[in-house]
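Remarks on the structure that follows.
The values are calculated or read from the model by the stated rules, or taken from the named source; none is laboratory data. Please read these numbers as outputs of a predicted model, since none were measured by experiment. Positions of Cβ are backbone-derived with ideal geometry, glycine not excepted, and every protein chain shown enters the neighbour counts.
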Amino acid sequence: MNILFLIPEPLKRELLDGLVGFLADQAKRLAGEKASEQIRRLSSEAAFLRAFDRALERGLRRFRDEYTPQDEDLAPLLTSDPALWRSPIVRQALRDLVSRPGAHLPEARHKLLASFADVLPQRVNRERVDRAVSYLLACIAEELWSLPAAKEVREAYSLQFQRISAEEARRQTGLIQAQLQALTDLREEVRAALAQLTEGLARQALAAASVPALPVRPRPYHNLPQPDYVRFVGREREREWLRQRLSPSDRAWVVILSGIGGVGKTALALATAHEYLRRYEELSPEERFDALIWASAKEEVLTAGGRERAAPAGLVARTLADIYVAIAQALEREAITRAATREEQDRLVQQALTAQRTLLVLDNLDTLEGPGAEEVRAFLRNLPPPTKAIVTSRERLDVADVLALRGMEEGEARQLMEAEGEARGVRLDAAQQGELYRRTAGLPLPIKLSIARLAAGETWEGVRRWLGDATGDLPRYCVGGQVDLAQRRSPEAYRLLLACSLFDRDAGSAREALGTIADLPLRDRDEGLRLLLQLSLVNWESESDRFWLLPLVQEYARAELARADFREELTERWLAWARDFALRYGADLDIRIENAPTFVQEYPQPAPGLPLVCRARAVGGPAGTGRWPLVLSVSGGSVGRSHRDFGNCHPRLPVAR
């Protein structure tokens, strides 16, 4: 059911008119009648109306997601009760909350929200009902004031209440003007009128006698840790992507760096923050960050000697309160830590972040769980401009633009090997570099640790064995936690991951093949694959709709399969799929040449899975036995002359003798 349908159309119209009416009235007062008339046309702008409906729906869903952990009884009840929106008290309260910017904030809304006596009147605990309804209405109002155009006016309106210098007010006004120009879905005349309104609000803020100048710092506030590398190597495309997203003209406020452990998320985020710190003087005032704040939830790291604590327990950010402490310390705002209530803390943090252009880096957000994780996500969804955030997480989140990291390109990986080798006195020849790249698929952490182990006196053969240990510290650290999480959340996703491990790494596996081998209905198959993508355990080629695993993930998943109680069932289904495919597409290829592209695409498949099947069945083949003939011999089938001849003549296929 679309929960937006619960809100009556007349109420939606009242809210729309109230919001646009406030903008138009302010424009009339500060920019004239013509600007006011243009802004009133927002009520009929198709793009604005669509955004308005989406904001209402986001508010409802946000309340349900955020409040259910606090009250799993009332949250779903209120979001499914049409009678709620017939309450005159509720309707009036919501209209009041949308009547002006900031009315929904904790310090202001208590003046507007009364007792909701006609909501769920049979409930005895009225305070509980009032608290839930108030939170619901505040979520809706906050989302509405985050609409394009409304958000920019709200930011300009709030300048008059902030203790900032005139120079800072002008700088923030320039950022707001740039945001308005990016609203290309709105007509140019409407954008121009909104720009006039924000200029008027800025003049009003500059004229306020109560705005004292803040002391100017020669360098930005920051609490960045020292990097664990001598120099950062590679990732040029990713760094340029981040620079674009962190530009004040880009509308993305939160960016996620996702990927498995060891792919370099933390190093890239830290290198980016240090770049802005290092280039502070040479960047323009609009581009630079006046505060760079680091908070990490990482509890352990993997070194050449094994797992170690990442930081003292007191420096690990496990909750929103810990993040607030990091912000307070970096910005020298002691009042944040002395606040008597969470609401007061929220307000002080918002003010502190708004006072300058801030880059907030939250590392290892995926390790946070439960209500604490939801609090942090809610905080990120409501970051005040001009704050921007980089978040690193092994799990892809839905609050931001996501950059999914994979292994480095071979050229960059070799540069990393050279840099690490130079720093540690280790030299790898070209062949060793090539083998290290193939074994690690360009993941920075295994590359660095391999060279560290060589520097500590380990032999090349010993490093190769360490890299090939599917149950050792390296795969457990990089992917073990994510695989365990997939198994807990969805046994179907776990089966799909293990099925994918049977397929050739380069060729990948088709969606249909995975569903067949895992024996799953279409919906469970697709939901399972979505979870694996979210957890960064599989990679997806959208054009061909094929899935593949990094070597580290594949080896770990195959070790899991060897221990799984459904191993025999899964390998039998894989063998049946391979047999059916060979018989369907591999026979009479000299006649049915249209099957050749499909056959070529799947030809490498038996290589990874056959050892498991052969061990299970005690079946072996002589050296040089072709892949598909062996599949058919193991499964009791046979292969025709055309398949053998095709393998002999096709340049991409190994000969099947």
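Below, the figures for the structure above:
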read-out: Residues being over 21 Å from M408 (Cα atoms) and among the charged types (D, E, K, R) - total across the range 444-474; value: 5
read-out: Residue tally, condition not in a helix (DSSP H, G or I) and not acidic (D, E), over the range 16-49; value: 2
read-out: Residue check, I293 surrounded by 14 or more Cβ atoms within 10 Å (Cβ to Cβ) and within 20 Å of V402 (Cβ to Cβ); value: no
read-out: Qualifying position, being in the same structural domain as S296 (by TED's automatic domain parsing), on the phi < 0 side of the Ramachandran plot, touching a residue at least 60 places away in the same chain (Cβ under 8 Å) and in contact with a Ser or Thr (Cβ under 8 Å, 6 or more places away or on another chain), among R394, R381; value: R394
read-out: Residue match in the range 305-319 (condition: in a strand (DSSP E or B) and in contact with a Phe, Trp or Tyr (Cβ under 8 Å, 6 or more places away or on another chain)); value: yes
read-out: Subset of the range 305-333 that is within 16 Å of D228 (Cα to Cα) and hydrophobic (A, V, I, L, M, F, W, C) - its residue that is modelled with the lowest pLDDT; value: A311
read-out: Subset of the range 482-493 (residues that are in contact (Cβ under 8 Å) with a residue 12 or more places away in the chain and within 17 Å of R563 (Cβ to Cβ)); value: V483, A486
read-out: Candidate set from the range 135-171 (those that are touching a helix residue (DSSP H, G or I) at 6+ places or on another chain (Cβ under 8 Å), more than 25 Å from A55 (Cα to Cα) and in a helix (DSSP H, G or I)); member that is modelled with the lowest pLDDT; value: Q160
read-out: Every residue from the range 404-420 that is touching a residue at least 24 places away in the same chain (Cβ under 8 Å) and crowded, with 19+ Cβ neighbours inside 10 Å; value: L405, G407, M408, A413, L416, M417, E420
read-out: Tally of residues being of a type in the set (S, T, Y) and under 19 Å from R307 (Cα atoms) across the range 473-500; value: 1
read-out: Residue check, A441 among the hydrophobic types (A, V, I, L, M, F, W, C) and at positive phi; value: yes
read-out: The range 285-304 - residue that is over 19 Å from E369 (Cβ atoms) and assigned to a loop (DSSP other than H, G, I, E, B) and, of those, modelled with the lowest pLDDT; value: A304
read-out: Considering residues of the range 334-370 that are in a loop (DSSP other than H, G, I, E, B) and under 30 Å from L535 (Cβ atoms) only, the residue modelled with the highest pLDDT; value: N364
read-out: Residues of the range 350-378 satisfying the condition of being touching a Leu at 6+ places or on another chain (Cβ under 6 Å) and not small (G, A, S); value: L359, E375, V376
read-out: Unmet requirement for D504, which otherwise passes all of (1) within 28 Å of E569 (Cβ to Cβ); (2) modelled with pLDDT of 90 or more; value: (2)
read-out: Extreme residue, surrounded by the most Cβ atoms within 10 Å (Cβ to Cβ), among residues of the range 504-530 that are more than 21 Å from G259 (Cα to Cα), free of Cβ contacts under 8 Å to residues at least 24 places away in the same chain and not small (G, A, S); value: E512
read-out: Which numbered condition P446 fails, given (1) farther than 25 Å from L514 by Cβ; (2) in contact (Cβ under 8 Å) with a residue 40 or more places away in the chain; (3) out of contact with any Lys or Arg (no Cβ under 8 Å at 6 or more places or on another chain); value: (3)
read-out: Where N382 falls short, out of the listed (1) modelled with pLDDT of 90 or more; (2) within 24 Å of the chain's Cα centre (by Cα); value: (1)
read-out: Residue in the range 465-472 that is under 21 Å from G306 (Cα atoms), touching a residue at least 60 places away in the same chain (Cβ under 8 Å) and acidic (D, E) present; value: no
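Conditions (1) in a helix (DSSP H, G or I); (2) touching a residue at least 24 places away in the same chain (Cβ under 8 Å); (3) within 20 Å of the chain's Cα centre (by Cα); (4) over 30 Å from G305 (Cβ atoms), marked per residue:
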residue: L502; (1), (2), (3), (4): no, yes, no, yes
residue: L532; (1), (2), (3), (4): yes, yes, yes, yes
residue: Q554; (1), (2), (3), (4): yes, yes, no, no
residue: A559; (1), (2), (3), (4): yes, yes, no, no
